1. What are the equivalent ellipsoid semi-axes of the chain, built from the alpha-carbon gyration tensor (square roots of five times its eigenvalues), in whole angstrom, biggest first?
2. Counting only helical runs of four or more DSSP H residues, what would the 222 nm mean residue ellipticity of the chain come to if each run contributes -39,500 (n - 2.57) and the total is spread over all its residues?
3. Assign unit charges at the C-beta atoms only (+1 for Lys and Arg, -1 for Asp and Glu), then state the dipole size of the chain relative to its Cα centre in Debye, rounded to the nearest 20.
4. Give me the angle, in degrees from 0 to 90, between the Cα long axis of helix 38-55 and the longest principal axis of the Cα atoms of the chain, rounded to the nearest 10.
5. Does anyone have the angle between helix 2-22 and the longest principal axis of the chain? Alpha-carbon axes, 0 to 90°, nearest 10?
6. Among 28, 41, 57, flag the residue with its Cα farthest along the positive direction of the charge dipole of the chain, charges on Cβ as +1 for Lys/Arg and -1 for Asp/Glu.
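Only the coordinates and a few stated rules stand behind these numbers; no lab work does. Nothing here was measured: the structure is a model prediction, and the numbers come from that model. Cβ sites come from the backbone with ideal geometry, for glycine too, and all protein chains shown count toward neighbours.
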Amino acid sequence: MARQQECRRHVPQNNLRKAIDDYFFDVLRDEKGVDLPVEILDDLELKIMELARARFAA
């Protein structure tokens, strides 16, 4: 049972990570011309994920 709960938690987190990456590269970089270093993008993604976990904690 714990394994199923863990999987249920990881799927949305992975989907959010993919959406963040898509936005950073497809929208910010490609459409808007904002080319930030990967280190900054990684830091932003980490902060967004921390906020989401805190906001939607079960």
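1. Numbers: eigenvalues 147, 27, 14 Å².
Three semi-axes, in Å: 27, 12, 8.
2. Details: 2 runs with 39 residues, N = 58.
Rounded to the nearest 500, the figure is -23000 deg cm²/dmol.
3. On the way: 10 positive and 12 negative charges, 113 e Å.
Dipole of the chain, to the nearest 20 debye: 540 debye.
4. 40
5. Rounded to the nearest ten degrees, it is 10.
6. The residue sitting most towards the positive pole is 57.
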